[in-house]
Amino acid sequence: MPDDSNLVLKPVPLQAESPPIVLASRSSARRMLLESAWIRADYRAADVDEHAIRATCRAQGHDAGHTALELAVAKARHIAAPPGAYVIGADQILTCNDTWFDKPETLREARSHLRQLRGRPHTLHTAVVLMRDGTTLWRHVACPVLHMRAFSDSFLDRYLQVEGDAILSCVGCYRLEGVGIHLFSRIDGEQAAIMGLPLLALLEALRAQGILLQ
């Protein structure tokens, strides 16, 4: 019998060779999610004024889900993509008791956010859009709910010490794939959506466009 102990299996592509996919995000978590699903994509950060878009949407009476979609569309439109490319835009807004939370700018602000969230459930309005040549082909909002436990101040101090500035890029001041899991007593929703990209819905949309095998 042949010795196959050193046989290396090559990944079987599930994705069409063309057109290309571009993710309009600088998020390492979103990139990791696509790569873990064997999705080949180009990654380009979108330079948009997120605070201005949020302020405009709130002034017009839009809810968090609609606002997250507007942010996702703006990001997808404001990157340079090859003609015919499929562009994925995504964004996320956290709400708790009708209060909207932005990413903290300092660890002091992160501490304040976590004190407001502890012992309460909050919702992550996670939006994703698929665009091609400036036209929106598909949009989706997932709304996972996370129940933060009533942790002690001493735990909070240690948590901030362990995580440090890494959580300043996270809207909820946590990375669920790491130490942040200790903050919660229950989680309702897809983990990928919590990390910033509703992956199951996105994969289905890519299949509908013929980009992935059915």
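All of the numbers you see were taken from the coordinates with simple rules; none came from a lab. Quantities reported herein were computed from a predicted structural model and do not represent experimental measurements. Please note: Cβ atoms are built from the backbone with ideal geometry, for glycine as well, and neighbour counts cover all protein chains shown.
Annotation for segment 114-214: GluC sites (Glu not before Pro) lying in DSSP loop with at most 14 further Cβ atoms inside 10 Å of their Cβ are Glu177.
Under the combined filter of DSSP loop state and at most 15 neighbouring Cβ atoms within 10 Å, segment 70-143 retains these GluC sites (Glu not before Pro): Glu105. When every Cα-Cα distance of the chain is counted in 5 angstrom steps from zero, the calculated P(r) takes the values 1, 7, 14, 18, 18, 14, 11, 8, 5, 3, 1, 1, 0, 0, 0 percent. Comparing Ile53, Ile194, Ile88 in a Gaussian network model of the chain (Cα springs below 10 Å), the most mobile by mean-square fluctuation is Ile53. Annotation for Glu204 and Asp42: the two label points, set 7 Å from Cα along the Cα-Cβ direction, are 3.0 nm apart. Taking label positions 7 Å along the Cα-Cβ direction at both Trp100 and Leu14, the computed distance is 3.5 nm, reported to one decimal.
Would you mind telling me the antiparallel percentage of the DSSP bridges in the chain, rounded to 5? Percentage antiparallel, nearest 5: 80.
Basic side chains Lys and Arg get +1 at the Cβ, acidic Asp and Glu get -1 at the Cβ, and with that the dipole of segment 61-166 about its Cα centre reaches some 200 debye. Under conditions of 20 °C and 1.002 mPa s, segment 6-104 yields 139 µm² s⁻¹ as its translational diffusion coefficient, taking Rh as the Kirkwood radius over Cα pairs in the Stokes-Einstein equation.
Panel order for Ile211, Ile181, by other beta carbons found within 10 Å of each beta carbon, from fewest to most: Ile181, Ile211. Qualifying trypsin sites (Lys or Arg not before Pro) in segment 140-186, where qualification requires a DSSP coil assignment and no more than 15 other C-beta atoms within 10 Å, comprise Arg149.
Full extension of the chain between Arg120 and Leu168 gives 15.2 nm of extra length, using 0.36 nm per residue less the Cα-Cα distance. Comparing mean-square fluctuations of Gly172, Gly196, Gly84 from a GNM of the chain with C-alpha springs under 10 Å, the top value falls on Gly84.
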